[in-house]
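No value in this document is a laboratory result; all are computed from the given coordinates. Since the model is a prediction, treat every value here as computed from it, not as a measurement. Ideal geometry is used to build each Cβ from the backbone, glycine not excepted, and the neighbour counts take in all protein chains shown.
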């Protein structure tokens, strides 16, 4: 019988809160061969993080849930396209980022969906919506509205860095763009936010 | 223009620098923190999404490929490839210090499908003796295939591709 040992190196084990028996490479390799338990462990590991990122990027719970669902189902169907299983985390964020960007673009392409910061408010459950009255506006409501005036690319990039805590290099790797582009997008987003929040801070 | 003013204009801070960003972030810290806590998913938010995702994945799995084998009496049968791999994975995982990764089971023997060849990649715990453990893995996999599928394993190739530390 044939035995081959190719690699014998230690690696960082990134344990999950639900199934901590397996490292990320093992889970990805098994999931792409149809192991639904392994894929479930990946969902457990990434679903909340992805939902938080999408919520903050899109500002809408229903849209965020749809994007997370589409992202993880697409991941299941295209795991074979992931050449390096250890890069699953970056890959899944890229899928989600692309879907958020597409959705934001579609929103902006619909004139009725383009929102003016002065016409926005947030419902008690955190959902942002257009309302005619701006009475009782809070800084949070105005900030949410200002975020929606950013371009889709700026918004995704800014949220990844500012709210999800990724470094410029990590954002660049996630989005597949240069670090210089990340720096430029974040600078333009910050400038727009500061201008939009003038008088509110 | 005095020297100080000249020097100052020549070393104007980069507006994209982290120092410049820190200043603007500090001004907005309160509202950013409030926004982040507002858009923080609760466990009940993820439960429904998780179930929908897993249902779609299960539906997709049912449409997956099958492995075609034969009983010892020559009767052909097919079983989902994912199930065959699962049988082998469970047998490998039952060996102390070994975690199955990739599993491939191909029909073998004459007639084809009366036996199976198995190729595995595994991760092993640091300190495990591979040579002796490989024999344990083979025995475990052979027994599982015979018990669950009713056919012998003609060949079992094992590739230990990683080492883990508990």
For the range B:120-166 and the range A:161-201, what is the separation of their Cα centres, given in Å?
48 Å
What is the fewest-to-most order of B:103, B:136 by other Cβ atoms lying within 10 Å of their Cβ?
B:136, B:103
Ranked on Cβ counts within 10 Å of their own Cβ, fewest leading, A:35, B:45 go B:45, A:35
Estimated Rh, the range A:19-112: Kirkwood, alpha-carbon pairs, angstrom
13.8 Å
Which of A:166, A:82 has the fewest other C-beta atoms within 10 Å, and how do the rest follow up to the most?
A:82, A:166
For the range B:41-166, what does the alpha-carbon gyration tensor say about shape, rounded, prolate or oblate, given a ≥ b ≥ c as the root eigenvalues, a/c under 1.5 as rounded, and a/b over b/c as prolate?
oblate
